[in-house]
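Below is one structure, written out as structure tokens; comments come after it.
We did not get these values from a lab; they are worked out from the coordinates using the rules stated. Owing to the predicted nature of the structure, the values given are computational and were not obtained by experimental measurement. Virtual Cβ from ideal backbone geometry, glycine too; neighbours counted across all protein chains shown.
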Amino acid sequence: MKNLFFLFFAALFSSYYFYSFSQQTLTIQPGPATGKDAFINALSPNVNYATHEDFISYDWTFSSVEGLGYSLLQFDLSSLPAGVVITEAKLSLFYNPTSTSGGQTGNNACLLKKVASSWTENAVTWNSMPSSTYSGAIYLEKSSSSDQDYLGIDIIDIVTDWYAAPLTNYGLLLELIDKSPYNSLKFCSSDYPDSLKWPKLVITYYEVSNVDTCSIFQPGPVTGKDAFINELNPDVNYGTHEDFISYDWTFSSVEGLGYSLMQFDLSSLPADVVIVEAKLSLFYNPISTSAGQAGNNACLLSKVITSWNENTVTWNNLPSYTYSNAVYLEQSDYPDQDYPDIDITDFVSGWYAYPLSNNGLLLELVEKSAYNSMKFCSSDYPDSLLRPKLTVCYLNKTGISENNNTEFEVYPNPNNGILTMKLPSQEFRYSTIEILNLQGVILFREEVNNFSAETEKSIETGFLQKGLYVLRIEGNKTTGFRKLIIE
């Protein structure tokens, strides 16, 4: 069913201009030079077997002494492109016909466990074995023949986790379940001479690219609107100040605060869109004489709620602002730090919906004591690349109807709180209702029994962030899909 969803998913969105899909397959089957696998042996606990030709797990006796053997394997996924949806990940392991180790024998069911800590191929031993987890482990059934390959092992959940969080990819551990002699499950490692028998991972994915869905605002001195205000010069206007800054500093031993204001003109955004994401990037000013990133300089970006004029605003006529939903900027880690991709989606969505509410933002130091400062370039800075930049991404609602199938009603769509469904009772009398994000992750699931054509089913969608989702309803006779926009 997961694969069915993704095949549908590609077809569903390919006709809309804001998404394009192409299915790709990546095969990873490294050899001795690039492969990372190793055998570890309880009877030789300090010996490294980095070039062992077996990928094996066993419980065996050697000179009447019983001992365990496990194997480790890790694939490098860095060749996967950014921003893809993984639809399938299959691991194939091939029997080793030439090694002298025990092969597929005994009660040899195994687990492929996620390794949870780092290891080095040329140094790992039984005594330095990395940690591993049984959570999400893949079960390999007892072999049915003495030379059995294990082809197309489904490890999509593990690979998806690694792709989403690359630093968690420590690979897999092959571990026998029944730890008693004489049980063994044996395959070829990446050091085996025949390249066709090296462990192979095949990943199928869709490349998803946004097309013409983002607008970038990075105005300069003429069209930009920002200003500095200074407590020690409360009636002076700094509408052309090159710093976008907030500080608590002393000047001739007199302590004073400085704040900054900023406002973007969003009138060029198309009508009738859904704001999906809005990211603000602020860049350190390397040439001003003001203090830069210094001290306990965490700041708030707060929403301004009354109007102000760039050429007349001062400390004494500072506009009103609110701490409600203010965005927290953490203390800097180094003195010339930029702050890229600050999420201000909630602010921009509100300004887009109610343009008259757009009075911009105020940068304010949290800890008001000397000597704390956070400094960036303003729209008056000479280098256009370092001026404040706002990137707004959105989905166009053109062509989205409230009901695009008379026998499968879903409304309202776009939705902002309560979603109502009417389904044909014959096909959907017993149904599973699911909402999935663009990565195929199920965010909502509910079982519905004895659904009737006269009954409306409503679910709350307030827990979902603004954006595009897929509604999937699996009935007793058919499965239906709808594109769902949350405003």
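Taking the highest mean first, how do the peptides 415-422, 185-192 order by number of other beta carbon atoms within 10 angstrom per residue? If you can, show how the numbers build up before the last one.
Values: 415-422: 16.9, 185-192: 25.8.
Ranking the peptides 415-422, 185-192 by packing returns 185-192, 415-422.
Sort 385-394, 240-249, 120-129 by packing, meaning the average of other beta carbons within 10 Å per residue, with the highest value first.
Details: 385-394: 20.3, 240-249: 22.4, 120-129: 14.7.
Going from most to least packed, we get 240-249, 385-394, 120-129.
Do any cysteines of the chain lack a neighbour Cys whose Cβ is under 4.7 Å away, and which are they?
CYS110, CYS188, CYS299, CYS377
To the nearest Å, what is the center-to-center distance of the range 277-317 and the range 231-274, using C-alpha atoms only?
Spelled out, the Cα-based centre of one part sits 4 Å from the other.
Does the range 145-270 come out rounded, prolate or oblate, given a ≥ b ≥ c as the square roots of the eigenvalues of its C-alpha gyration tensor, rounded meaning a/c under 1.5 and, failing that, prolate meaning a/b above b/c? Write down the numbers at each step before the final one.
Values: a/c = 5.52, a/b = 2.77, b/c = 1.99.
Here the range 145-270 falls in the prolate category.
Explain nothing, just the number: relative contact order of the chain, from Cα pairs under 8 Å at least 6 residues apart, as a whole percent.
Numbers: 1187 pairs, mean separation 72.4, N = 487.
In percent, rounded to a whole number, it is 15.
Could you tell me how far the Cα centroid of the range 125-185 sits from the Cα centroid of the range 342-394, in Å?
Distance between centres, Cα-based: 48 Å.
Per residue and in Å³, how big is the convex hull formed by the alpha-carbon atoms of the chain? It would help to have the intermediate numbers written out before the result.
Values: hull volume 95.5 nm³, N = 487.
That works out to 196 Å³ per residue.
Once you have a ≥ b ≥ c as the square roots of the Cα gyration tensor eigenvalues for the range 316-365, tell me rounded if a/c is under 1.5, and otherwise prolate or oblate according to whether a/b is larger than b/c. Before the final figure, lay out the partial values.
Numbers: a/c = 2.61, a/b = 1.51, b/c = 1.73.
Oblate.
Helix 2-14 versus the longest principal axis of the chain: what angle, 0 to 90°, nearest 10, using Cα atoms?
Once rounded, the angle reads 40 degrees.
Quick check on packing: order 30-37, 87-94 by the mean number of other C-beta atoms within 10 Å, highest mean leading. Could you put the intermediate results ahead of the total?
Numbers: 30-37: 16.1, 87-94: 20.9.
With the highest mean Cβ count within 10 Å placed first, the list reads 87-94, 30-37.
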